[in-house]
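See below for the structure under consideration.
Bear in mind these aren't lab numbers, they're just calculated from the coordinates by the rules spelled out. Because the structure is predicted, anything quoted here is derived from the model rather than measured. Because the Cβ atoms are built from the backbone with ideal geometry, glycine has one as well, and the counts that use them run over all protein chains shown.
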Amino acid sequence: MQIGFIIILIIAIFVAIFAIQNGTPVPVDLFFARYEMPLAVIMMICLILGAVIILVLGTTRQFKKRSEQKELTHKLKALEGEKAKYETDIKALETEKTQLQTNMETLEAEKQKLQDEIDRLGESISRLENQNKVQEEEIKRLQSQNIDEIKVTETKDEGAMQIDNENSEVESQ
């Protein structure tokens, strides 16, 4: 800041020296009028007009920058609010994720228990089927034995009947 002030002061001193050395009147044509003024006054008027123009352009630029800054500040606050909202959403989703993971682990454990139960029941079913086959074979064997016994008893009964018939014929004779 001080360096800028020193540079401006030095430039102003050079302009003042230049104006003092060039104090002779000079004709100036401005649109349709003609004026005669000292060169130093014309230079001072031009410097003042240049400074005013630079001041106006600088202040408009500064106002634009301030409005842009305010707009960006509002956008930043809005984005920070959205960020906070998304962070809470992320935390909620993370807790939901952990809950779902625990539920999934519980379901996996239940699935494993059910799979073990299915395996145990499958073994029981195969054991019962084997017992059923053994019993069916036993039944078939017993049925075949029973049929053989019935045939034997039938043949014995037929033979006994024949003998009885022969005995009764003998007696009747």
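Annotations
- The stretch 37-115 versus the stretch 1-26: alpha-carbon centroid distance in Å: 46 Å
- Shape box of the stretch 1-42 [Cα atoms, principal axes, largest first, Å]: 44, 22, 7
- Estimated at 0.36 nm per residue, the fully extended path between residue 16 and residue 124 surpasses their Cα-Cα distance by 27.2 nm.
- Rg to Rh, two decimals, where the stretch 1-151 supplies the alpha carbon set and Rh follows Kirkwood: 1.91
- Lysine pair count for the stretch 39-129 (Cα-Cα distance under 26 Å; residues 8 or more apart in sequence or on different chains): 17.
- Site pair residue 134 and residue 147 shows an inter-label distance of 2.5 nm when each label is modelled 7 Å from Cα along Cα→Cβ.
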